[in-house]
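S.K.: Here's a structure for you.
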Amino acid sequence: MAGSERGGPLDVLIVSLGSTAGLRGADTELADSLRRAGASVAVVLAASPLRPLRTLALTDLAWALTARRAATAGLAEHRPRAVIYSSTTAALCWPRPGAIRFDAPSAGNRPGRHGLWQRPLERRRLAQAPLLLPWSAGALAEAPASARVADRALVLPVPVEPSGAPAQVRDIAAITYGANPAKKGLDRVLAAWERVRRADERLLVAGVAAADLDRAGISVPADGEGVRVTGPLAPAEYRALLRRARVFVCAPRREDYGIAPLEALADGCLLVTTPAPGPYAALPIARALDPRLVSGDLGVALRTALDDPTPGYGTRATSALVSYTRAAADRGVRDELLPRLLSSA
């Protein structure tokens with residue numbers, strides 16, 4: 001391995017869509033884990049489309065074309081033995097077959113006209129890929145049947161670790177992550193919060209600017225009325241807020257994986273959530289930790305978490321996240337992923 005260090009071809013090229021902070025972070029984690037396993041790795045990042053497009057179908061096409069350009073340049077420069085396309089969108093227009101890593105397929109998150117051209121092409125790519133790397137078993141279950149034949153899939157969760165020591169006093173009542181606010185159900189979170197909050201309690205809305213909320217048609221009370229919008233934050237700043245928060249609350253209309261709820265659990269928050277379709281990784285964990293906090297009545301669940309938290313919740317959450325640790329990810333990459341990648345090269 002480590003061929004590029006000897007002047008030979010690179011071991012692994014990762015074609016990163018990078019359309020969200022979560023995807024970029026997941027690709028960085030995978031690259032670092034492959035390097036710890038002894039592989040030489042390069043990551044090429046698709047360029048963001050220059051302007052917002054009107055439909056998801058057009059948006060996906062723009063991203064797929066920029067991913068193709070990034071992959072073509074990376075293949076020419078690095079001559080990799082194996083390629084990983086990060087997301088099915090990154091693989092749609094691939095210049096060379098490779099492994100596909102995905103949080104959710106278009107078959108699950110692009111219904112109807114939103115995935116009119118993506119779904120049939122995705123079926124072909126998933127059938128052609130030498131290896132599939134779903135983030136979760138739920139993501140694989142949503143994929144077309146052709147993706148589940150033979151032994152072509154390796155579930156590889158994104159590692160989630162505590163970000164530091166928890167604050168001595170958790171002085172933030174509740175926090176939510178507001179990027180992609182309509183899909184994440186931020187309007188439902190705000191409505192529930194307004195209904196049940198007490199005068200001295202504040203909800204922080206992180207990861208989104210107030211202007212983006214305005215464009216999404218989501219009204220936020222003025223600062224000082226129980227809600228504060230932090231705007232986009234550096235990862236370290238955001239995780240520091242999680243360590244001060246008592247509750248992480250969300251109400252997604254669909255969840256393709258849910259790194260933010262997993263991070264909240266890792267940093268000691270109680271997770272209050274509505275049930276949601278999609279391969280929502282934290283949902284079964286939340287139900288096992290305290291089923292009262294998983295409810296369609298978000299307001300009741302919020303008050304339960306704030307007024308009557310289950311003893312030992314944080315300790316049990318840490319145990320429940322063992323399979324999501326960086327050490328677990330490294331074992332899977334070293335013992336299963338890398339041998340399979342390079343044997344198919």
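S.K.: Quick one: residue 173 ticks every box in (1) without any contact (Cβ under 8 Å) to a residue 24 or more places away in the chain; (2) under 14 Å from residue 272 (Cβ atoms) except a single one, so which number is it?
M.R.: (1)
S.K.: Which one is nearest to the chain's Cα centre (by Cα) among residues in region 259-292 that are within 25 Å of residue 27 (Cβ to Cβ) and among the small types (Gly, Ala, Ser)?
M.R.: 260
S.K.: Sticking with this one: Could you list all residues from region 281-301 that are assigned to a loop (DSSP other than H, G, I, E, B) and either within 13 Å of residue 316 (Cα to Cα) or hydrophobic (A, V, I, L, M, F, W, C) (or both)?
M.R.: 281, 290 - these are the residues of region 281-301 that are assigned to a loop (DSSP other than H, G, I, E, B) and either within 13 Å of residue 316 (Cα to Cα) or hydrophobic (A, V, I, L, M, F, W, C) (or both).
S.K.: Could you check how many residues of region 103-146 are part of a helix (DSSP H, G or I) and either of a type in the set (S, T, N, Q) or in contact with a Leu (Cβ under 8 Å, 6 or more places away or on another chain) (or both)?
M.R.: Initially, region 103-146 is screened for residues part of a helix (DSSP H, G or I), giving 106-109, 112-115, 118-128, 137-142, 145-146.
From what's left, either of a type in the set (S, T, N, Q) or in contact with a Leu (Cβ under 8 Å, 6 or more places away or on another chain) (or both): 106, 109, 114-115, 118, 121-122, 125-126, 128, 140, 146.
So the count comes out to 12.
S.K.: Pairs, please: C-beta under 9 Å, at least 6 apart or cross-chain, first residue touching a residue at least 24 places away in the same chain (Cβ under 8 Å) and charged (D, E, K, R) and in region 80-100, second crowded, with 24+ Cβ neighbours inside 10 Å and part of a strand (DSSP E or B)?
M.R.: Here the result reads 81/12; 81/13; 96/83, each pair linking region 80-100 to a residue that is crowded, with 24+ Cβ neighbours inside 10 Å and part of a strand (DSSP E or B).
Where a number appears in this text, it was derived from the coordinates with a stated rule and is not lab data. Quick caveat: nothing in here was measured; it's all calculated off a predicted structure. Glycine gets a Cβ as well: all are built from the backbone with ideal geometry, and neighbour counts include every protein chain shown.
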